[in-house]
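Colleague: Questions regarding the structure given below will be posed in turn.
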Amino acid sequence: MILIKKIKEQLKKFNWLYAVFRETLALKEQRNSMWKNAVELSQKKNMVQGSLLDYKRLMCRQRMSYNEYEAYQLWNLKDEDRKKYLSEREFQCVYRKTVTVGVAKCFDNKLMTHLRYGNFMRRAWICPSLSSFDTFCRFVSSYDCVFKPLKGSLGSGVFLVKKDEVADEKVLYEKCIKYGLIVEECVKSCKELEEFHPQSLNTIRVITMSKGGKFSVVSSLLRIGVGNSIVDNGAVGGILAPIDSDTGIIMDHGRDKVGNVFIQHPDSGKTIKGFVIPHWHKVIDACKEMVSVIPETVFAGWDLCVLDDGEIEMIEVNSCPNIMGSQITHGCGFKPRIQAIGKEVLGCDPLHLISIWSKPYTNYSEYTHYRKHAGNLNLLLKEYVDCLAKSKG
C-alpha cells in the first residue's frame, strides 16, 4: 500500500500517466465487481438464456454489465452485431476523458444549471438551504412543487407535493435542508404529450455531441411515466420510445428497460408508434442554443418539455447521459453512429478514448479531484453562491 501511494504521488505530476494509472485500477475493480454481480444475478434469476461464460467474454472485451447483456439479448446476436453495442462503462470512460471540470460542475449541480440556463427554464424555483422559512412557506403554498436533490439522476429522490396538501411546512423545510433539495414549480407538458400519462411530466431526451460550433444529435427519445409514478425515467419503469431526430416522429413501439414492448400506453391506451412530437424543430433549435451556452460541452443529455404555448422548457441536463435506453429503443448498437458523428464533429473517433492509454482532453487530476468531492452539499451551495456573486459583480 505504501508503494502504491508513492507511485500515485509521482504519477500525479504527469497528467497522462496518472490517467493511465487510475484507469488501470478502475478497470480491474470494475471487472471484479461486474463478475460478482453477474454470478449473483444469474443464480437469483435462474439463467435460462445465454451463459456466464458467454457473458464473461463480453464483460472483458466491452465492459458490458450483466443487466446490459440481458437487456440487449446479446446471446442472440453475432459477434459483428455485438461489437456495435456501447456499454455504459465504455461511454462513461469516453465522457470522463472529454469533459472539463467547468462543464461537470454546471451539469451536476442543479443550482448551477438554473444559473447558466435560466433563459431556458422559465418555471419558478427556490433552494431552501439558501432561503428563509417564510420564503419557503410562501413558495409551497403558491405552487404545486417538485422536490429534487441538488445532485442526482435517474429520478432518484424526486417527489411531488401539491400546494393544498402540505401537512407540515417546518418538517418539509428541514427535510430539504438535510438532504439538499431544490424546489421547483410543477410544469405541465402540452396536451398531446400529457395524454400519454397525465401523472408524469413526459419529457424528451436528446443526446448531443458538439465542439467548436459543430453540432449533431446522437439520439432522441420520448420518456413516458406509468402507473402512479410522477417521473418518466426508464430506470424506474418508464416507457421509452425512439424518435426520428430529423422529423420528430416516433419510429417504433415503446419499450421499458427490461425489454417489454408497448404498442399502446398501458394506462391511457394511446398509441405510441407514429406519434409526432409537437414543435419538433423548436426542440432541436433549443438544443443548439443550449450547447452554445457552454462551448466546451462535448456530450450532453438534454431533458426537455414541450409546453402548451409551443415553447420548450429545459427540465435538466445530464452530464453523462445514459446510452442504454437509446440502444434498447432503437434496437441497435450506437458505436458506429457515435464514431461517424465524432469524426464529423470532433475530428476524431471518440471511442479511441476507451483505451486506458488514450490521452484525456482535460486535466485528469483536476477532474478526479472534482469527482471525489462532487457530492458535498456545502461545496455545491458555495459553488453556486460564488458564481452568483461573480455574475452580479
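Bear in mind that the values in this text are calculations on the coordinates, not laboratory data. Being a predicted model, the structure only gives us computed values, none of them experimental. All Cβ positions, glycine included, derive from the backbone under ideal geometry; neighbour counts span all protein chains shown.
Colleague: At a Förster distance of 45 Å, what's the computed FRET efficiency of Ser51 paired with Arg122, Cβ-Cβ distance as r, to 0.05?
Modeller: 0.30
Colleague: Where does the charge balance sit around Val140 when Lys and Arg score +1, Asp and Glu -1, over other residues with C-beta under 15 Å from its C-beta?
Modeller: It works out to a net charge of -2.
Colleague: Let me ask another. Under a straight-distance cross-link criterion of Cα-Cα below 16 Å, which lysines are reachable from Lys151, leaving out those fewer than 8 residues away in the same chain?
Modeller: Hits, sequence-local ones excluded: Lys105, Lys110, Lys175, Lys178, Lys372, Lys382.
Colleague: Answer rounded, prolate or oblate for segment 102-224, using the Cα gyration tensor with square roots of eigenvalues a ≥ b ≥ c: rounded when a/c is under 1.5, else prolate when a/b is larger than b/c, else oblate.
Modeller: Since a/c reaches 1.5 but b/c is at least a/b, the shape of segment 102-224 is classed as oblate.
Colleague: Sticking with this one: Val298: net charge of surrounding residues, Cβ under 10 Å, Lys/Arg +1, Asp/Glu -1, itself excluded?
Modeller: Here the count lands on +1.
Colleague: Then there is this: Which ³J(HN,Hα) values, rounded to whole Hz and listed in residue order, are derived for segment 176-188 from phi using the Karplus coefficients 6.51, -1.76 and 1.60 in 6.51 cos²θ - 1.76 cosθ + 1.60 with θ = phi - 60°, glycine and proline given as x?
Modeller: Once rounded to whole Hz, the list reads 4, 5, 4, 9, x, 9, 10, 10, 10, 4, 5, 10, 10.
Colleague: How much FRET efficiency would the formula 1/(1 + (r/R0)^6) give for Arg31 and Val293, where r is the Cβ-Cβ distance and R0 is 25 Å, rounded to 0.05?
Modeller: That gives a FRET efficiency of 0.10.
Colleague: Residue-wise, which Karplus ³J(HN,Hα) couplings in Hz belong to segment 139-145, taking 6.51 cos²θ - 1.76 cosθ + 1.60, θ = phi - 60°, and x for glycine or proline?
Modeller: Computed from phi, the couplings for segment 139-145 are 5, 6, 8, 9, 9, 6, 10 Hz.
Colleague: With +1 on each Lys and Arg Cβ and -1 on each Asp and Glu Cβ, how big is the dipole of the chain about its Cα centre, in debye rounded to the nearest 20?
Modeller: Result for the chain is approximately 2020 debye, rounded to the nearest 20.
Colleague: Under a crude label model (7 Å from the Cα following the beta-carbon direction), how far is Val171 from Asp386 in nanometres?
Modeller: In this crude spin-label approximation the distance works out to 3.8 nm.
Colleague: Moving on to the next point. At most 11 other Cβ atoms within 10 Å and a DSSP loop assignment: could you name the GluC sites (Glu not before Pro) in segment 58-147 that fit?
Modeller: none
Colleague: Could you derive backbone 3J(HN,Hα) for segment 345-354 from the dihedral phi with the Karplus parameters 6.51, -1.76 and 1.60 (θ = phi - 60°), listing whole Hz in sequence and x where the residue is Gly or Pro?
Modeller: Per-residue couplings from phi come out as 8, 8, x, 7, 8, x, 6, 5, 6, 5 Hz.
Colleague: Test of understanding: in a Gaussian network model of the chain with alpha carbons linked when under 10 Å, which of His330, His369, His197 would top the mean-square fluctuation ranking?
Modeller: His369
Colleague: Mind counting lysine pairs for me in segment 19-83? Cα separation below 18 Å, and the two need to be 8 or more apart along the chain or on different chains.
Modeller: 9
Colleague: Here is a follow-up. Calculated FRET efficiency, Lys84 and Gln199, Cβ-Cβ r, R0 41 Å, to nearest 0.05?
Modeller: 0.70
Colleague: Tell me whether segment 19-83 comes out rounded, prolate or oblate; compute the Cα gyration tensor, take square roots of the eigenvalues as a ≥ b ≥ c, and use a/c under 1.5 as the rounded threshold.
Modeller: Cα axes put segment 19-83 in the oblate bin.
Colleague: Please compute the net charge surrounding Gln62, taking Lys and Arg as +1 and Asp and Glu as -1 over other residues with Cβ under 14 Å from its Cβ.
Modeller: Every neighbour counted, the sum reads +3.
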